[in-house]
Amino acid sequence: MSLPAETAPNFVFIFNYLTRELTCLLVITLSLYAFHCFTRRDARCFPFLVRYPEVSLDYWYQRYGPIYSMWLGNQLCIVVSDPGIAKDLYVTNGAVFSSRKDMFIKNRTIFIGRGITPMPYNDTWRKHRRIAASWLNVRSVDSYTHIIDYEASALVRDLYAASSKGTAAINPQSYAGRCSLNNMLAICFGSLRTTSIDDPLVAQALHFSREWMNLTSPTSNLVDFITPLQWIPTFTRCRGKKLHRELVEVYGGIIKDIEVTMASGGAYQDCLAKTLIENRTKEELDDMDIVMMISAFMIGGVETTASIMQWFLALIPAYPEVQRTAQDELDRVVGRERMPTLDDEKNLPYCRSIIKEIERCHNPFWIVTPHSSTEDFSYRGWIIPKDTVVILNTWSMHHDPSRFPCAHEFRPERYVNDTTSSAESASLANPYERDNWMFGAGRRICPGILVAEREIWLTISRLLWAFNMAEIPGEPIDLNEYDGLSARSPVPFRIKLEPRHEKVGQVMAF
């Protein structure tokens, strides 16, 4: 006998109510545990609930070896902490291990499936990568290297002026950010450039990059691995939607202005946006494809290089002897009548070694965007199932004592005989000879590696040429703390930038 309709329990309502209650309970429990772990630097805590997940991954590497697996919610993950295994999977078997998990926040919420970095390995990704490569190959980078050169000089000049010719202490971080931003603005939008750190676009662009990195950190990515968290309007999800809207408003607005200029018959400087607009029909691109591709360029290109510059400026004041060795080399090879150029790099091995050592010690991305397998794969007797997330543990690889004795010490001389660029080093037959893994590996290696290397070389070599960089008494710089959850940059600091000689001011008058 059935109950009358008006008195029968609403089982759908009851199910939905219980689901919401259980989800809320799960969120509260996870939040409390995450807060407990997040406020401690404990290697034994679960790695994706702590502020320093690389420490936990390294602890587990020491305990379980160079390849181990773990479950993160409903997702099976393997962690790779050895260069040989990384090459086997990412390079030799790149046809299987070049995809990405379809991340809820990173790919579906912020980039709505159009971002080249988080996109799964498919025809759309290959098209976007091909278009991106047209602006990041050697010939294209050569065509705008004069802009990178100019911005490196402008950075030195602006720091010279802001520090009142070395008499005032300053925080150089926003200047480094603006330098990277201007390079990416030139690549993406042509003639667009900021002229001051007070330009509103500087604050907007740096906010976009940092918000992206924080929203896609291992801690926020819990939403990707615990499905019920995707059913509720979490704070992380709301921030992701807001960031998406801001990217469309700001970068989409710039693209629209370029379209109007081109449609009216006006000439416009060659750039990525122009290429995308001109090939919209041929490549079957819609407005959102164009905005999200540009956004991916801007976010990735600004954050990586700016972070390395900032780490250099934060770290080098503590090593006056390293500065002196580099400056002696610069005086001997370049002299004091001009600043170093790209052509000088091959003759400045110690300066190049400083950059490589900073990238080893302070990789902004200790956990680079994970790969994903597209089919079942057998490796050394283990079965790696299809759709397994593969995490590259670069912290352990960069601190391997067999490769880097006293790995926690800053020793540029490690690389003094390494004549390769990072792009060349990534292609070495022996992966244990690679300089660092900051740019990733395999088919998903950072497509902007050539741009980044030139930008980093020109800025750091010229800073060494121009200034003695010193700590301020009573203001120690904390190199153990980080600003940011995914990409890491130093916490705010101030330094003294003293011109090395009277020629600095004369050369700066360009």
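The values are calculated or read from the model by the stated rules, or taken from the named source; none is laboratory data. Everything quoted here is computed from the prediction, not taken from an experiment. FYI the Cβ positions are ideal-geometry reconstructions off the backbone, even for glycines, and counts take in every protein chain you see.
Taking the condition of being within 21 Å of GLU455 (Cα to Cα) and either within 17 Å of the chain's Cα centre (by Cα) or surrounded by fewer than 17 Cβ atoms within 10 Å (Cβ to Cβ) (or both), how many residues in segment 399-417 meet it?
1
Can you report the number of residues in segment 270-288 which are farther than 22 Å from LEU136 by Cβ and outside any helix (DSSP H, G or I)?
Residues that pass the stated criteria total 2.
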For segment 380-398, what are the residues that are in contact with an Asp or Glu (Cβ under 7 Å, 6 or more places away or on another chain) and either surrounded by fewer than 17 Cβ atoms within 10 Å (Cβ to Cβ) or free of Cβ contacts under 8 Å to residues at least 60 places away in the same chain (or both)?
-> ILE383, PRO385, LYS386
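If we scan segment 262-269, do we find a residue that is under 28 Å from the mean Cα position of the chain (by Cα), under 12 Å from CYS188 (Cα atoms) and assigned to a loop (DSSP other than H, G, I, E, B)? Walk me through it before giving the result.
Looking only at segment 262-269, we keep the residues that are under 28 Å from the mean Cα position of the chain (by Cα), and these are 269.
Filter again for under 12 Å from CYS188 (Cα atoms), leaving 269.
If we keep only those that are assigned to a loop (DSSP other than H, G, I, E, B) as well, we get 269.
Checked segment 262-269: at least one residue is under 28 Å from the mean Cα position of the chain (by Cα), under 12 Å from CYS188 (Cα atoms) and assigned to a loop (DSSP other than H, G, I, E, B).
Scan LYS346, LYS356 and give me the residue that is of a type in the set (Lys, Arg), touching a helix residue (DSSP H, G or I) at 6+ places or on another chain (Cβ under 6 Å) and farther than 18 Å from ASN480 by Cβ. Lay out the reasoning, then the answer.
Working: LYS346 fails: touching a helix residue (DSSP H, G or I) at 6+ places or on another chain (Cβ under 6 Å).
Result: LYS356 is the single residue among LYS346, LYS356 that is of a type in the set (Lys, Arg), touching a helix residue (DSSP H, G or I) at 6+ places or on another chain (Cβ under 6 Å) and farther than 18 Å from ASN480 by Cβ.
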Filter segment 202-244 for residues that are in contact with a Lys or Arg (Cβ under 7 Å, 6 or more places away or on another chain) and among the hydroxyl-bearing types (Ser, Thr, Tyr) and give the result.
-> THR216
Among GLN75, GLN62, which is the only one that is within 21 Å of TRP366 (Cβ to Cβ), touching a strand residue (DSSP E or B) at 6+ places or on another chain (Cβ under 7 Å) and either modelled with pLDDT under 95 or surrounded by fewer than 17 Cβ atoms within 10 Å (Cβ to Cβ) (or both)?
-> GLN75
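Would segment 122-131 turn up any residue that is at positive phi, of a type in the set (Lys, Arg) and surrounded by fewer than 23 Cβ atoms within 10 Å (Cβ to Cβ)? Break it down into steps so the answer makes sense when it comes.
Here is the first cut: in segment 122-131, the ones at positive phi are none.
The answer is no; no qualifying residue exists.
Per-residue answers, yes or no, for (1) touching a Pro at 6+ places or on another chain (Cβ under 9 Å); (2) modelled with pLDDT of 95 or more; (3) not polar (S, T, N, Q):
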| position | (1), (2), (3) |
| --- | --- |
| ASP287 | no, yes, yes |
| VAL291 | no, yes, yes |
| THR304 | yes, no, no |
| GLN310 | yes, yes, no |
| LEU315 | yes, yes, yes |
| LEU330 | yes, yes, yes |
| PRO340 | no, yes, yes |
Just one listed residue, out of ASP158, ASP199, ASP142, ASP149, is in contact with a Cys (Cβ under 9 Å, 6 or more places away or on another chain), surrounded by fewer than 22 Cβ atoms within 10 Å (Cβ to Cβ) and either without any contact (Cβ under 8 Å) to a residue 60 or more places away in the chain or of a type outside the set (Gly, Ala, Ser) (or both), and it is ASP158
Segment 409-438, residues that are touching a residue at least 40 places away in the same chain (Cβ under 8 Å), not in a helix (DSSP H, G or I) and not charged (D, E, K, R) | PHE410, VAL416, ASN417, THR419, ASN436, TRP437, MET438
Please name all residue pairs, on different chains or six or more residues apart, with Cβ atoms under 9 Å, provided the first residue is in segment 339-350 and is without any contact (Cβ under 8 Å) to a residue 40 or more places away in the chain and the second residue is part of a loop (DSSP other than H, G, I, E, B).
-> ASN347/VAL334
How many residues are surrounded by fewer than 13 Cβ atoms within 10 Å (Cβ to Cβ) and either among the aromatic types (Phe, Trp, Tyr) or within 24 Å of the chain's Cα centre (by Cα) (or both) if we restrict to segment 243-261?
-> 2
